[in-house]
Amino acid sequence: MTAVDFATEKPHRAVIAPGALEHLGEHVGDASGVAILHAPPLARAARRAAAIVRAAGAEPVLVELPAGESAKTPGVLADCWSALAVAGFTRSDLVVGIGGGATTDLAGFIAATWMRGISWVSVPTTVLAMVDAGIGGKTGADLPEGKNLIGAFWEPSAVLEDTDLLATLPIEELRAGLGEVIKHGFIADERTLELISAAPAEALDPASALIGELIVRSVRVKAGVVGADLREATSVGDRVGREQLNYGHTMGHAIEAGEHFTRRHGECVGLGMVFAAELAHRTVGLSAEHVERHRRMLELVGLPTHYRGIGWEQARELMARDKKARGATLRFVGLRAPGRVTMIVDPPERALLGAWNALTR
Ligand code: GLY
């Protein structure tokens with residue numbers, strides 16, 4: 001078992017291990033009700049969680065959410081609030097979210113908003129959620145007008161990452177999760193890149209020790225970043241705070257939105273990292289060799305590095321609407337070299353177009 005501590009506003013621990021869900025009982029405390037919000041494929045894990053909660057002396061309330069991002073709607077939020085109201089939840093009760101990033105986002109937001117905030121436990125079950133979406137306290141839901149337009153920073157009281165639950169994850173989900181792992185490698189952990197390069201097939205095997213090690217390394221990177229800047233407040237020049245976790249996301253989000261969210265987030269982030277690397281090459285001196293390394297790393301885990309889809313004008317327009325843009329100014333997380341993050345603010349149009357052409361040629 002490995003534990004990673006989040007030294008944040010509400011210090012807490014992530015436990016990463018096969019069978020980590022069994023630790024849930026330790027977090028029930030004096031709750032008399034525990035709402036277990038889960039994605040449909042996690043019904044079995046949710047029933048196990050319910051049994052653990054009962055054994056710890058509390059009453060479980062199982063709530064099955066719609067699959068994936070379709071859970072993050074105001075309608076589903078209202079249904080969850082009603083379920084808590086009917087069960088008589090008070091400020092001392094607990095929410096547990098078991099599933100991918102959409103489930104943990106929604107569960108955390110329910111906890112953030114119930115009686116102005118109650119405790120919750122995050123049980124992320126995909127690689128992507130274990131290394132990024134399900135940790136760090138960003139919670140929220142979508143509106144028809146856009147993704148994650150409502151939300152709150154609301155940290156869990158514990159994170160349980162049960163690597164046994166990865167066994168049934170489709171290979172495409174594993175690949176997409178490794179996109180975020182590679183992101184953490186480029187911004188802060190060279191060893192992650194070396195480990196994947198040495199054994200890419202193992203990195204894609206949910207039963208391998210390597211995937212566990214990669215997850216732990218990524219959680220450590222994220223814990224370090226959010227420990228220094230939970231609320232994404234600090235980003236000036238080379239002093240980049242939580243915003244660095246959005247490496248590859250400006251173009252990644254544009255592609256995701258332009259494709260009507262039909263492509264996996266991690267895959268779009270991979271394409272966004274190729275764009276960001278090409279842009280950094282043109283603006284802040286990232287070497288051509290490191291740009292190629294971005295492509296190589298993504299290819300090793302079977303992620304695309306070449307994009308054909310929406311056009312430049314639409315991509316640029318969507319990037320201008322990204323939450324990192326300030327007014328009309330485009331902002332990108334960039335690398336001077338792996339591990340040396342900087343902000344690229346208002347880059348020349350020629351550099352943007354050059355990076356786009358390199359991604360789409
Ligand atoms: N996924 C980016 C962050 O948590 O800040």
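Sorted from fewest to most neighbouring beta carbons within 10 Å, what does the list Arg264, Arg361, Arg340, Arg231 look like? Intermediate values should be presented prior to the final figure.
On the way: Arg264 19, Arg361 8, Arg340 16, Arg231 13.
Fewest to most other Cβ atoms nearby, the residues stand as Arg361, Arg231, Arg340, Arg264.
What is the Cα centroid distance between the stretch 225-284 and the stretch 12-66, reported in whole angstrom?
32
Checking the a/c ratio against 1.5 first, then a/b against b/c, what shape does the Cα gyration tensor give for the stretch 158-257?
prolate
Note down the relative contact order for the stretch 86-176 as a percent, whole number, built from C-alpha pairs under 8 angstrom at least six residues apart. Write out the running numbers ahead of the final one.
On the way: 178 pairs, mean separation 25.6, N = 91.
Reported relative contact order: 28 percent.
In debye to the nearest 20, how big a dipole does the stretch 79-182 give about its Cα centre with +1 on each Lys and Arg Cβ and -1 on each Asp and Glu Cβ?
340
Looking at this model, which pairs from Lys10/Lys72; Lys147/Lys183; Lys138/Lys183 are more than 23 angstrom apart at the alpha-carbon?
As for pairs spanning more than 23 Å Cα to Cα, those are Lys10/Lys72.
Under Stokes-Einstein, with the Kirkwood radius over Cα pairs standing in for Rh, what whole-number D in µm²/s applies to the stretch 121-182 at 25 °C and 0.890 mPa s?
193
Taking amide H atoms as placed 1.01 Å from N in the peptide plane, list the residues 5 or more away in sequence, or in a different chain, whose amide H sits under 5 Å from that of Leu169.
For Leu169, whose amide H was placed from the backbone, there are no distant partners under 5 Å.
In debye, nearest 20, what is the charge dipole magnitude of the chain about its Cα centre with +1 on Lys and Arg Cβ and -1 on Asp and Glu Cβ, if you could check?
Here the size comes out at about 680 debye.
Helix 288-300 against the longest principal axis of the chain: what's the angle in degrees, Cα atoms only, rounded to the nearest 10?
Roughly 40 degrees between the two axes.
Measuring from the lowest to the highest alpha carbon on each principal axis, how far does the stretch 90-238 reach, largest first, in angstroms?
Extents along the principal axes, in whole Å: 49, 42, 31.
Would you tally the net charge around Cys268, using a Cβ to Cβ cut-off of less than 10 Å, leaving Cys268 out, and scoring K and R as +1, D and E as -1?
Counting the neighbours of Cys268, the net charge comes to -1.
Kindly put Trp312, Trp120 in sequence by how many other C-beta atoms sit within 10 Å of each C-beta, fewest to most.
By the 10 Å Cβ count, ascending: Trp312, Trp120.
Given a cut-off of under 8 Å on Cα pairs at least six residues apart, what relative contact order in percent is computed for the chain?
Result for the chain is 14 percent.
Largest first, please: the extent of the C-alpha atoms of the chain along each principal axis, to the nearest Å.
Ordered largest first, the chain gives principal extents of 62, 42, 34 Å.
Need one number for the stretch 61-168: average projected area of the convex hull over its C-alpha atoms, nm².
Taking the Cα atoms of the stretch 61-168, their convex hull projects to 6.4 nm² on average.
In percent, how large is the relative contact order of the stretch 3-115, given Cα pairs closer than 8 Å and 6 or more residues apart?
28
Rounded if a/c is under 1.5, else prolate if a/b is larger than b/c, else oblate: which is the stretch 1-110, with a ≥ b ≥ c the root eigenvalues of its Cα gyration tensor?
rounded
Is it possible to state the helix-based mean residue ellipticity at 222 nm for the chain, with each DSSP H run of 4+ residues giving -39500 (n - 2.57), the sum divided by total residues, to the nearest 500 deg cm²/dmol? What is it?
The helix contribution divided over the chain gives -13500 deg cm²/dmol.
Counting just the Cα atoms, what span does the stretch 180-236 cover along each of its three principal axes? Round to the nearest Å and put the largest first.
So the three principal-axis extents are 38, 18, 13 Å.
Based on the Kirkwood radius over alpha-carbon pairs, what value in µm²/s does the Stokes-Einstein equation return for the translational diffusion coefficient of the stretch 225-361 at 25 °C and 0.890 mPa s? Write out the running numbers ahead of the final one.
Details: Rh = 14.8 Å.
In µm²/s, the coefficient is 166.
Could you give the length gained by full extension between Asn357 and Asp79, i.e. 0.36 nm per residue of separation minus their alpha carbon distance, to one decimal place?
Details: separation 278, 0.36 × 278 = 100.08 nm, distance 4.56 nm.
Length gained between Asn357 and Asp79: 95.5 nm.
Report D for the stretch 59-103 in µm² per second (integer): Stokes-Einstein, Kirkwood Rh on Cα pairs, 25 °C, 0.890 mPa s. Provide the component values of the computation, followed by the final result.
On the way: Rh = 11.4 Å.
Taking Rh from Cα pairs, D becomes 215 µm²/s.
In which sequence would Ser82, Ser208, Ser119 go, from the one with the fewest C-beta neighbours within 10 Å to the one with the most?
Ser82, Ser208, Ser119
Report the local net charge at Ala141: Lys and Arg +1, Asp and Glu -1, summed over other residues whose C-beta lies under 11 Å from its C-beta.
-1
Please list the radius of gyration and Dmax for the stretch 284-323, considering alpha-carbon atoms only, with Å as the unit.
Both quantities, over Cα of the stretch 284-323: 13.4, 32 Å.
Binning at 10 Å from 0, report for the stretch 79-127 what percent of all alpha-carbon pair distances ends up in each bin.
29, 54, 16, 1
Each value in this text was obtained by applying a stated rule to the coordinates, not by laboratory testing. In this text, all values refer to a predicted model and were calculated from it rather than measured experimentally. Every residue, glycine among them, receives a Cβ derived from its backbone with ideal geometry; neighbour counts consider all protein chains shown.
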